[in-house]
Amino acid sequence: MNLRPVGAMPLSGQIHRQLMDAILDGTLTGALPSERELAETFGANRHAVREAIKRLQQARLVEVQQGGATRVLNIPDHAGLDLLPELVAGPGRLNHEATTGVLELRACIGADAARLCAERSPGVGAALLDLLPDAAMPDAELAAGSAAYWTALVAGTDSLPYRLALNTLLAGLDAIGDSPAAKDFMTALREESRRADELEQIAHAIRRGDAPAAGETARRLLNSSIPPR
C-alpha cells in the first residue's frame, strides 16, 4: 500500500480516494491503520481521516468497530451496485471482471426489459425506430445514441428498479473513460450498432406486443457483446 501526503482541499475526498483505490486493488486488506497513523501518513488532521473512513463505511468497504480496529470488508460479500462505477474505472483485476460483469448484467436486464416493454408499452416501439444508433457515428455520439435507445426501452417497462439498475450500468460504462476497457466496450457497441437489423427487430416486436420475440432478440444481440473472461 503506497499512501502519500495529500494536498489542499478537500482533504477527506483525497484520503477517501487513496484508501478506496488501495482497497479495490487489493493492497489494503485486514485492519486499517489507526486514525492517528493515517493522519500522520497523509499529513492531514484526524477529522479529515474520520470523514474519509465514514465514506468507506457508507460504501460498505470497511467495518468500523467501536473501540477496535476498522477492518476492510470483502467486496462481493458486502458492497452494493453503487460501487460498480468505481470497480469498472478502478485499478487491479476487478477492473476487467467488473467491466465484463456490467455487460453481462446489461444483457440480462436488457433482454427482460425488452420483453416487459412489449407487454406493457408497445407504443414505445415506434419511438425506438427513431433512436436506432448508427455505427458510423463518432464514439461519443454512438454511446449516447445507444444509451438513448435502451433508456427509452427500459422506461417502457414501467419498472423503477429496472430504471435505477440502468442508471447504475450507464454510470459504470461512463466510468470506463479512457481506461483499457474503453476500447473493448466501444468495439462491442459498434458491433451491436452494425447489427441495426436486430435493433430494428426489437423495436418492431415491441410495437406489435410480441414479448417473446423482443426478449429473445435483445438477449441474442446483447450477449454478443460480452467478451470471454
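The values are calculated or read from the model by the stated rules, or taken from the named source; none is laboratory data. It should be emphasised that the depicted structure is a prediction, and the values quoted were computed from it without experimental measurement. Methodologically, a virtual Cβ is constructed for each residue, glycine included, from the backbone with ideal geometry; neighbour enumeration extends over all protein chains shown. The area values use the complete protein model at the heavy-atom level, side chains included, leaving out ligands, DNA and RNA. Shrake-Rupley method; radii C 1.70, N 1.55, O 1.52, S 1.80 Å.
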Given the candidates 142, 185, 169, the one whose Cα lies deepest towards the positive end of the charge dipole of the stretch 106-229, counting +1 at each Lys or Arg C-beta and -1 at each Asp or Glu C-beta, is 169
Expected unfolding gain across residue 45-residue 71 under the 0.36 nm per residue rule, minus the alpha-carbon gap, is 7.3 nm
Note: residue 31 to residue 63 extended length (0.36 nm per residue) minus current alpha-carbon separation gives 10.6 nm
Of the candidate values (i) 42, 17, 14; (ii) 32, 22, 15; (iii) 26, 24, 16, the one computed for semi-axes √(5λ) of the Cα gyration tensor in Å from this structure is (i)
Over the chain, with neighbouring protein chains present, the accessible area per residue in Å² at probe 1.4 Å is 50
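Around residue 69, what is the net charge, scoring Lys/Arg as +1 and Asp/Glu as -1 over all other residues with Cβ under 14 Å from its Cβ?
Around residue 69, the surrounding residues sum to -1.
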For the chain, longest principal axis from Cα atoms; helix 196-207 axis from its Cα atoms; angle between them, nearest 10 degrees, is 80
In this structure, the FRET efficiency calculated for residue 160 and residue 3 from their beta-carbon separation, with R0 = 41 Å, to the nearest 0.05, is 0.55
Rounded to the nearest 0.05, FRET efficiency between residue 144 and residue 223 (Cβ-Cβ, R0 22 Å) equals 0.45
Distance in nm between residue 196 and residue 208 label points, each 7 Å along Cα→Cβ, equals 2.1
Ranking 67, 155, 32 by how far each Cα lies towards the positive end of the charge dipole of the chain (+1 on Lys and Arg Cβ, -1 on Asp and Glu Cβ), the top one is 67
Hits in the stretch 181-225: amide N under 15 Å from the 7 Å Cα→Cβ extension of residue 120, namely 211, 215
Rounded to a whole number, the Stokes-Einstein D of the stretch 60-152 in µm²/s (Kirkwood radius over Cα pairs; 4 °C; 1.567 mPa s) is 79
Of every hundred units of 1.4 Å-probe accessible area on the chain, the number belonging to carbon and sulfur atoms, as a percent, is 53
So, over other residues within a Cβ distance under 14 Å of residue 209, counting Lys, Arg +1 and Asp, Glu -1, the net charge is +2
Here, trypsin sites (Lys or Arg not before Pro) of the stretch 38-132 satisfying both criteria (DSSP loop; at most 13 other Cβ within 10 Å) are 93
Calculated from DSSP helices alone, with each H run of at least 4 adding -39500 (n - 2.57) and the total divided by the residues of the chain, [θ]222 nm to the nearest 500 comes to -20500 deg cm²/dmol
